[in-house]
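In what follows, a structure is listed as structure tokens, so that the remarks can point back to it.
Read-outs: derived from the displayed coordinates by stated rules, not from any lab. In this text, all values refer to a predicted model and were calculated from it rather than measured experimentally. Please note: Cβ atoms are built from the backbone with ideal geometry, for glycine as well, and neighbour counts cover all protein chains shown.
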Amino acid sequence: MKQLLVLLFILIFNNLITAQVIIKGEVKDNKGKALRGASITLKDSYDGAVSDSLGKFSFNTFEKGKFIAEAKMIDYTPNTQEINITNENITLNFSLKEELNELKAITITAGSFEASDRKRAATVLSSLDIVTTANANADITGAVKTLPGAQQIGEQEGLFVRGGAGYETKQFIDGTYVNNPFFSGAQDIATRGRFSPFLFKGTVFSTGGYSALYGQALSSALILESIDLPEKTEASASVSSVFIGAGIQNLAANKKSSYGLNYGYTNLLPYFEIVKQKPDYFTIPAFHNLDGNFRIKTKTGIIKFYSQYNSADLGLRRPNIDDANLKNTFGVTNSNWYNNISWKDFLGNGWRINIAGSYSTNTDHLLQEIQNKNNIKTTTGLSYIDNNNFVIDQTANVSQLKTVVEKKLGGISYVRFGGEYWHSYLKSKYNNLSTTLNDDLFAGFAESDIYISNSFVAKVGARVEHSSIINKWNFAPRISLAYKVGKEGQMSFAYGDFYQKPENIYLFNTKNFNYTKATHYILNYSKMNQFYTFRIEGFYKKYQDLVKTYPTYSNNGSGYAQGIELFWRDKKTFKNVDYWLSYSYLDTKRDFNNFPTQLQPTFAANHTASLVVKRFVMKWKTGFNFTYSYATGRPYYNFQSNGNGFTIKDEGRTIPYNSLSFSLNYLPNLGKQNAKTFIVWVVSMTNVLNQNQIFGYNYSYDGNIKQAINPPAQQFFFLGCFISWGIDRTQNAINNNL
Amino acid sequence: MKKLILLSFIAVSFLTTLFSQTEKYMAAMDGTLQQLGAAKTTEEMTAVAAKFERIGDAEKTQWLPYYYAAMVKAKMSMEGMGGDKDKVADEATALINKAIEIDKTNSEIYCIKTMICYAKMMVDPMNRWMQYGAEANANLDEARKFDATNPRPYVLQATSLKNTPEQFGGGCATAKPLAEKAAKMLVEFKPATPLNPNWGKESIEAILNNCK
């Protein structure tokens, strides 16, 4: 009996002690580098270990029989081995292959600034960045102007990128083209963009070499992606020195859909009473703005709709340059309705679809008159003066439908293809002369992102287009490559052909045109992490077939642009300070319009630099923002026709451009417990140092008088209060400072 | 007699196998929890997290091993242990999601989800507070909903407020009442098993000592 019990005891004990074996080995990657921190598991047991800095591991086990041993590590594909555990110690070696990972994988940075939180790397500009950039006054274009590649142009709206004219930069919202992104304004005065930065979660400012998905932009694309569902239901109101507004945003209780409605009214009357403007405004600028949206989450995607209606009115008088007794009177009445609907979804099996449609209609009623001292319309008998008596009524409609289909290939490589159709209609009545332009533009495109490894990606694509108005085809190849260098650095290269049909103003005269063409070559090095961004980019651009207006309308223009740009952003070195510095060197010449030869265009400065500094002082709940922008003088010309062509009668360079802007945001309720109201006070001022700014010169008909083009007022002041109810941002702000 | 011995032999070995599974689990968890108490370096923390994960993978129906594995990873992310903070937090998320698969209405699990949100937010507070602050609050609400007696949502919130500057509505003034509430709840709270979460006393005592 005792013996039996002893036997039983020995049996169990034996089982527990003598059966223990050691399993040890090494974990390496497929290049033979030791992997530290890999987890080795004997599946369905508790036994295992973690590899050390030499990739070595070792553990004991009591288990017996057939087991699966697994080695796994983040960013690597797990590997398993079947083992049979007897009484012998086991040596196991694993080799793990690096996994292609969308977050870790390289993205192409050549030519583009991506400003969103989708990628983990430091984002360049978020919507909050835009509204806290001092010179921008919450205008997207204003903030983008502090990035390299963009010129400091104050006499016209638009982004003038790398030697390109403003109309060579196109804006896209959720994939579709925006026909009138800026408010209608008067000559020599830049206007703001129509869209609030808060509408967008991502802004990609591409200064060249962009994807085959986008066309009809010779120089640059500003690609805006609208936000999905808002975080919470809220109501908002704003009062400022130039506008008042109110809005609601409603998020359904199930968080599957939302809608919103906003109204704003801008009137510059009180402001112009206090801050004198150079032109004599007989119709003070006033704008109504109404917008609405809805967003619906589908099972795996989202449908978004956005609609905006603006109406604007303004009128001003300025002295006539040819005759000091006369005035040029200009008035514009504008209405603009913009609509965009898009549907993004996964179709299963790695297929994704993105369908977007947009429709916009814009009407401008422009009145230009020569008036005498008593503001009465007058004629002089001199055609070059009387030509300024005209009325233009213009209606421009653009409808667009775009479909992009994406298929995930093996790993994280993608192929993407689709098509788009734009119908543009323009009816213009000049005095009593009516012209209509209709264009049907078809485009097809395909591109693929091929990941050779996490460190190397190639994007190869092409785009083909046909425009009915000029009845021509084009074919545009696009290629970009990116290669990871070091831990946070990468080299990128981009090449592409870009086509754009001639502007309507030329098409009124003849339709016998070809596309204008630019070829971009871009080489970029960037290094970034969540705190710093450094990039240096060199580019060469060749322009062909630019539009000439003399001696006949033709595509005989040409040109080039080359340069180097630097960007540095640092959010870490100075506590609570975020700053960026950008510098652009540009060498460009082009022969277009009535240029007698290749010349540096009036919208290109050789050196441009901006410094943006933002500091938030927690104690005062106040943010202080400064922007200093500098550009060397830009050329200006007076071309005179001698009957045998145009010659340069006068030329020169403007004084350098300098501007220091300041803004302040005060958030009094920040951190208040359970505050239901959130208030932001904004004070801002442009050109704090009151520096003289000259954007160019206008010449009299005979060329003997030249007048500097200045802003309507040297400085702009703003005071505003923005209030929202409902969102508990306070709690967020607290967590912010954990 | 011999028959009896044989029977008891069979019964004993049968019982040991049956009993040992639970016992083995309890013993492994207990051992790993003690290991966690002593863990200081990145290597030790990684080893503890990996062990909890192995227990979870082997057991398949226990939420606790994944809960602790995720908690260790969340703490590692906050302390900057084990490399890229985001990746370590993502590992924690993957682990806590496995726990949710097993128990969908567990207050404690949502406390870890809150911790992970804090960890994610601390990587880049300026740009992330909107998203992760809201997510953290939503998780705290869930944690309170599933168990109103759980003191840990209050522990987490009090700690977060204590670390917030006064001008942002943090500091002792707002943290202390929550810490007092948490302290009371901690006294009343009885964990279902000795292995179940029962942490929070030390950080609450620290807050109360600091806020006298």
Please list the non-local residues whose amide H lies under 5 Å from the amide H of A:Ala138, H modeled 1.01 Å from N, same-chain partners needing a gap of 5 or more. A:Thr133
Stretched out fully, how many nm does the piece from A:Ser53 to A:Phe508 gain, at 0.36 nm a residue minus the Cα gap? 156.6 nm
I'd like the trypsin sites (Lys or Arg not before Pro) in the range A:546-615 restricted to DSSP loop residues with at most 15 other Cβ atoms within 10 Å, sorted by number. A:Lys572, A:Lys575
Can you pull the one-decimal nm distance between simple spin-label points at B:Gln34 and A:Asp228, each 7 Å off the Cα toward Cβ? 4.7 nm
Residue (of A:Leu441, A:Gln394, A:Val464) at the positive-pole extreme of the range A:380-468, dipole from beta-carbon charges: A:Val464
The range B:20-103: trypsin sites (Lys or Arg not before Pro) in DSSP coil with no more than 13 other Cβ atoms inside 10 Å: B:Lys40, B:Lys60
Share of Cα-Cα pairs in the range A:451-491 beyond 12 Å, whole percent, is 68 percent
Directionally averaged shadow of the range A:210-362, computed from the convex hull of its alpha-carbon atoms, nm²: 13.6 nm²
Angle in degrees between helix A:2-17 and the longest Cα principal axis of chain A, rounded to the nearest 10: 30 degrees
Can you give me the relative contact order of chain A as a percent, contacts being Cα pairs under 8 Å and 6 or more apart? 10 percent
Within chain A, helix-based [θ] at 222 nm, where runs of 4 or more DSSP H residues each add -39,500 (n - 2.57), nearest 500: -1500 deg cm²/dmol
At q = 0.13, 0.17, 0.26 Å⁻¹, what log₁₀ I(q)/I(0) does a Debye calculation on the Cα points of the range A:45-98 give, no solvent, two decimals? -0.34, -0.57, -1.24
Within the range A:35-90, how many Lys pairs sit with Cα atoms under 17 Å apart, leaving out pairs fewer than 8 places apart on the same chain? 4
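Give, as a single signed number, the net charge of other residues whose beta carbon lies under 12 Å from the beta carbon of A:Lys297, with Lys and Arg counted +1 and Asp and Glu -1.
Spelling it out: positives minus negatives among the neighbours equals +4.
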Dimensions in Å of the range A:463-512 - Rg and Dmax from alpha carbons: 17.9, 56
Using only the Cα atoms of the range A:604-653, what are the Rg and Dmax in Å? 21.6, 70
Long-range Cα-Cα pairs in the range B:111-201 (distance over 15 Å), rounded percent: 62 percent
Extent along principal axes [Cα atoms of chain B; Å; largest to smallest]: 82, 38, 31
Interatomic Cα distance distribution for the range A:139-211, bins of 5 angstrom, percent: 3, 14, 28, 29, 19, 6, 1
Number of partner chain Cβ atoms within 10 Å, mean per residue of A:41-49: 6
What is the Å³ per residue value for the convex hull set by the Cα atoms of the range A:550-687? 169 Å³
In the range A:333-411, what is the volume of the convex hull around the alpha carbon atoms, normalised per residue and reported in Å³? 145 Å³
Equivalent-ellipsoid semi-axes (√(5λ), Cα gyration tensor) for the range A:565-607, whole Å, largest first? 38, 8, 5
Taking R0 as 41 Å, what FRET efficiency do you get between A:Trp725 and B:Asn163 from their Cβ-Cβ distance, rounded to the nearest 0.05? 0.90
Computed for chain A: size of charge dipole around the Cα centre, +1 on C-beta of each Lys and Arg, -1 on C-beta of each Asp and Glu, debye to nearest 20, value 1400 debye
For A:Ser226, distant residues with modelled amide H under 5 Å away: A:Asp174, A:Lys201
Quick check on packing: order B:186-198, A:74-86, A:167-179 by the mean number of other C-beta atoms within 10 Å, highest mean leading. A:167-179, A:74-86, B:186-198
Percent RCO, i.e. relative contact order, over the range A:323-429, from Cα pairs under 8 Å lying at least 6 residues apart: 27 percent
Please give me the summed charge of the neighbours of A:Asp386: other residues whose Cβ is under 13 Å from its Cβ, Lys and Arg +1, Asp and Glu -1. -2
Summed residue charge, Cβ within 9 Å of A:Tyr525's Cβ, Lys/Arg positive, Asp/Glu negative: +1
Two-site label geometry, B:Asp86 and A:Gln20: point separation in nm, points 7 Å out along Cα→Cβ: 4.4 nm
Work out the length of the dipole vector of the range A:431-578 about its Cα centre, built from +1 on the beta-carbon of each Lys and Arg and -1 on the beta-carbon of each Asp and Glu, and round it to the nearest 20 debye. 460 debye
The Kirkwood hydrodynamic radius of the protein assembly as shown, taken as the inverse of the mean 1/r over all distinct Cα pairs, in Å, comes to 32.1 Å
Given the -39500 (n - 2.57) contribution per DSSP H run of 4+ residues, what per-residue ellipticity at 222 nm results for chain B, rounded to the nearest 500 deg cm²/dmol? -27000 deg cm²/dmol
With 10 angstrom as the radius, rank A:Phe243, A:Phe574 by how many other C-beta atoms surround their C-beta, starting from the fewest. A:Phe574, A:Phe243
By the rule of no other cysteine beta carbon under 4.7 Å, the lone cysteines of the protein assembly as shown are A:Cys721, B:Cys111, B:Cys117
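Looking at the range A:422-474 from every direction and averaging, what is the projected area of its Cα convex hull in nm²? Mind dumping the intermediate values first?
Numbers: hull surface 21.7 nm².
Average projection, Cα convex hull of the range A:422-474: 5.4 nm².
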Links that overshoot a 24 Å alpha carbon limit, given the list B:Lys145/B:Lys181; A:Lys28/A:Lys407; A:Lys255/B:Lys73: A:Lys28/A:Lys407; A:Lys255/B:Lys73
How do A:376-384, A:307-315 rank on mean C-beta neighbours within 10 Å, highest first? A:307-315, A:376-384
